[in-house]
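The values are calculated or read from the model by the stated rules, or taken from the named source; none is laboratory data. Since the model is a prediction, treat every value here as computed from it, not as a measurement. Cβ placement follows ideal geometry from the backbone for every residue including glycine, while neighbour counts extend to all protein chains displayed.
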Amino acid sequence: MFYLYSNIRILYQLLRKEFSMKSIKSTLSAMPRVGDRIRLLAMDDIQAPPLGTEGIVKCIDDIGTIHVHWDTGSGLGLVPGVDRWEIISSDELRNRKEPAK
């Protein structure tokens, strides 16, 4: 759904000549990729993992649902435009693995 919405919005901007490469890149860069580690910020679902739970993106299906293997063992997917998450940066992951000095 998010992909479809994003593509329609980009096409609309192209037709009206109101787009910039910056706006297109920011829309696409907010989407995680398979293998990314993400943190849950908000999910309106009774079965949602606790906020702050982390997981690994396993796949993104044809309608844009982001399927995640959560650290809690859950496999509940994220819906772009409804749920919120953040991609955990490689710097943050690297800092976790380094021993404290």
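Condition first: surrounded by fewer than 15 Cβ atoms within 10 Å (Cβ to Cβ), at pLDDT below 95, assigned by TED's automatic domain parsing to the domain that holds Leu93 and over 22 Å from Glu92 (Cα atoms). Can you find one or more residues in region 63-70 that meet it? Spell out how you get there, then give the answer.
Step one: list which residues in region 63-70 are surrounded by fewer than 15 Cβ atoms within 10 Å (Cβ to Cβ), which gives 63, 69.
Next, only the ones that are at pLDDT below 95 stay: 63.
Cutting the leftovers down to assigned by TED's automatic domain parsing to the domain that holds Leu93 gives us 63.
This time we only want the ones that are over 22 Å from Glu92 (Cα atoms), so: 63.
Checked region 63-70: at least one residue is surrounded by fewer than 15 Cβ atoms within 10 Å (Cβ to Cβ), at pLDDT below 95, assigned by TED's automatic domain parsing to the domain that holds Leu93 and over 22 Å from Glu92 (Cα atoms).
Counting only residues that are aliphatic (A, V, I, L, M) and at pLDDT 95 or above, which one in region 52-62 is surrounded by the most Cβ atoms within 10 Å (Cβ to Cβ)?
Quick first cut of region 52-62, residues aliphatic (A, V, I, L, M) only: 56-57, 60.
From what's left, at pLDDT 95 or above: 56-57.
Working: Ile56: 15, Val57: 21.
Top of the filtered list is Val57.
Taking the condition of being farther than 16 Å from Glu86 by Cβ, touching a residue at least 24 places away in the same chain (Cβ under 8 Å), assigned to a loop (DSSP other than H, G, I, E, B) and hydrophobic (A, V, I, L, M, F, W, C), how many residues in region 26-76 meet it?
3
Can you work out which of the residues in region 77-101 that are in a strand (DSSP E or B) and touching a Lys or Arg at 6+ places or on another chain (Cβ under 8 Å) is nearest to Leu40 (Cα to Cα)?
Taking region 77-101 first, the residues in a strand (DSSP E or B) are 78, 80, 83-87.
From the residues that got through so far, the ones that are touching a Lys or Arg at 6+ places or on another chain (Cβ under 8 Å) too are 85-87.
Details: Trp85: 5, Glu86: 7, Ile87: 9 Å.
Top of the filtered list is Trp85.
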